[in-house]
DNA sequence: CAATATTACGCGCCGCGTAAGGATC
DNA sequence: GATCCTTACGCGGCGCGTAATATTG
């Protein structure tokens, strides 16, 4: 007997209808029906009389319902008390430039739902810090992109995405289906700030011309404007949304980049573990929903 | 947060040592360690300070421990109350002749542990009733062997076992590694009672000689004695233990027989479901342990 | 025949085990 | 270096979804 089954049971007992209870629980009937059968088996007692109109509680079911409600409230109190006793209840999340939407849109709300008592602060950092504030100790966990120097950090890959070269749509390359960086001499590349992690800059930029004195860019917007107005080139993930007038041409000789969660390797706090866990689940679910929308629909 | 995790947590909190708690819970350290990390993540609080000598409860851990103990007692009370409210608390288990040892040895004890309040009665039936009392309404669930007429019943195969012909060790066949029934004319076969299920008799016996008036056998013992003293032949599962003086020669042209659980198809009671579930798990575990014992051992 | 509960089946997560690694006294 | 706890990795069960079936008014 697990709390999950009891939460389900309370919903069914109150709705007197497995289908409606399933709606309330945001799931479908079959698993709920089986969960109730299994709960009955665990308890060794019949909790419902099934009818074509729904279900009715048996005497044992009524007892179970009363006790289950109290038990679940007790469990909620346990959670609340432990949480209020725990010291730190704040989590700083770093987000690298273009990943902010993902963090703010789905992941942080999911985390807030699981941990309502925690104050979440999102720190959006610029292209000069691939650790998104981790190195500076500004944040506890970060959503960023590989590759960068990850000593002392742990990472979890959410997705890998090929990269492309961003050019104006009147650029000779604009019509190509794919290009190789090795065959593109003489371009002027957008540059990152000089003190930026080498692994990171080596990946996202090509060698600059010796006489190149461009101003480094710190944000996606600056980067795209440099391409649009100054005729420069930049590398970006293929899934990066691009304003009109620009196109991203896939680059064949650069390995894909990983969208990752990162956090300090030394003793991550429970909140960080939970964030990583929830973020991974949320992201997966988002992915699955996308697929289903594109394929399913009888 | 699930009750399982809280039960684990209480053990760790009391032992102040994950390894010892794991022993107490009959499991190994790693999954217990992870379960505690996950519980901490779910709660968003650190419950232990890990030290090289074991673990110490934090303040939040002490709160959690106190609450968890009460919560688990509450859960136990819920179970007890529901069970005492439920009507029927008796289960009749049918067992076909040679399967009694398996039922009594492991499965029924496992069920008794899960349902201490239920009075279990084992009904050992003879070879004339492959349903082991189900057809007669004597039992709620049965452990028996396929094949037999299973209309109105549901079955769950625990294992399939090839069959062989049982002969005296001075029989000309005794040395063969396998035989085909189609090539064995003129044998005198042990017979089952005349009113026995046809599917069952067709499987376990070969066509009798016209002038054969043997007394039918009702038990394994009678069957083996008929082979030993009257020079008859019988079919039996290869795993059937055989007394000295007899051997079982594999039969090539008979499909294997299934060791199965069977129960009425119409509205099985929660206890029956639970029995099937536990029996399947127990049997699986027994199997795995056997394999491990034969292979493992670093 | 409409509405409900149930079974069948495939997939992904999670829990558990074994084996290897790391930290701390 | 011994003794913990932790991570890595592979496997089996279980929960969930979709699709199909049974049952009942």
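What follows is calculated from the coordinates using simple rules that are stated; it is not laboratory data. All values derive from a computational prediction rather than experimental measurement. Please note: Cβ atoms are built from the backbone with ideal geometry, for glycine as well, and neighbour counts cover all protein chains shown.
How shielded is B:267-273 by partner chains, expressed as the average number of their Cβ atoms within 10 Å of its Cβ atoms?
The per-residue average across the peptide is 5.
Can you tell me which of B:66-72, B:138-144 comes out highest on packing, and rank the rest after it, using the mean Cβ neighbours within 10 Å?
Details: B:66-72: 17.1, B:138-144: 24.1.
For the peptides B:66-72, B:138-144, the packing ranking is B:138-144, B:66-72.
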* Beta bridge orientation in the protein assembly as shown: antiparallel %, DSSP, nearest 5 -> 70
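Do you know the relative contact order of chain B, to the nearest whole percent, from alpha carbon pairs under 8 angstrom that are 6+ apart? Before the final figure, lay out the partial values.
Working: 446 pairs, mean separation 58.4, N = 298.
Value for chain B: 20 percent.
Over region A:163-250, what is the relative contact order in percent, taking alpha-carbon pairs closer than 8 angstrom and at least six residues apart? Walk me through the intermediate numbers first.
Numbers: 119 pairs, mean separation 48.1, N = 88.
For region A:163-250, the relative contact order is 55 percent.
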* Asked: Taking Cα centroids, how far is region B:1-77 from region A:104-139 in Å?
  -> 29
* What residue among B:242, B:107, B:165 has the largest mean-square fluctuation in a Gaussian network model of chain B, using Cα springs under 10 Å? -> B:242
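Taking N as the number of residues in the protein assembly as shown, what value does Rg over Cα atoms divided by 2.2 N^0.38 Å take? Present the calculation step by step, with values, prior to reporting the outcome.
Working: Rg = 34.3 Å, N = 596, 2.2 N^0.38 = 24.9 Å.
Normalised by 2.2 N^0.38 Å, the Cα Rg of the protein assembly as shown equals 1.37.
Looking only at chain A, where both bridge partners belong to it, what percent of the DSSP beta bridges are antiparallel (to the nearest 5)?
Details: 25 of 37 bridges.
The antiparallel proportion sits near 70 percent.
Based on the alpha-carbon gyration tensor of chain B and its eigenvalue square roots a ≥ b ≥ c, which shape applies: rounded if a/c is under 1.5, prolate if not and a/b is larger than b/c, or oblate? It would help to have the intermediate numbers written out before the result.
Working: a/c = 3.82, a/b = 2.17, b/c = 1.76.
Prolate shape, in that a/c is at least 1.5 and a/b is the bigger ratio.
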* Structure fact -> Classified through the alpha carbon gyration tensor (a ≥ b ≥ c as square roots of its eigenvalues; rounded if a/c is under 1.5, else prolate when a/b is larger than b/c, else oblate), region A:1-84 comes out prolate
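To the nearest 0.05, how large is the calculated FRET efficiency for residue B:202 and residue B:156 if R₀ is 25 Å and r is the Cβ-Cβ distance? Each step should come with its number before you reach the end.
On the way: r = 23 Å, r/R0 = 0.92.
After rounding to 0.05, the efficiency reads 0.60.
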* Structure fact -> Per residue of B:43-51, other chain Cβ atoms within 10 Å number on average 6
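Using only helices, what value at 222 nm comes out for chain A when you add -39,500 (n - 2.57) per DSSP H run of length 4 or more and divide by the total residues, to the nearest 500 deg cm²/dmol?
Working: 8 runs with 113 residues, N = 298.
-12500 deg cm²/dmol, from helical runs alone.
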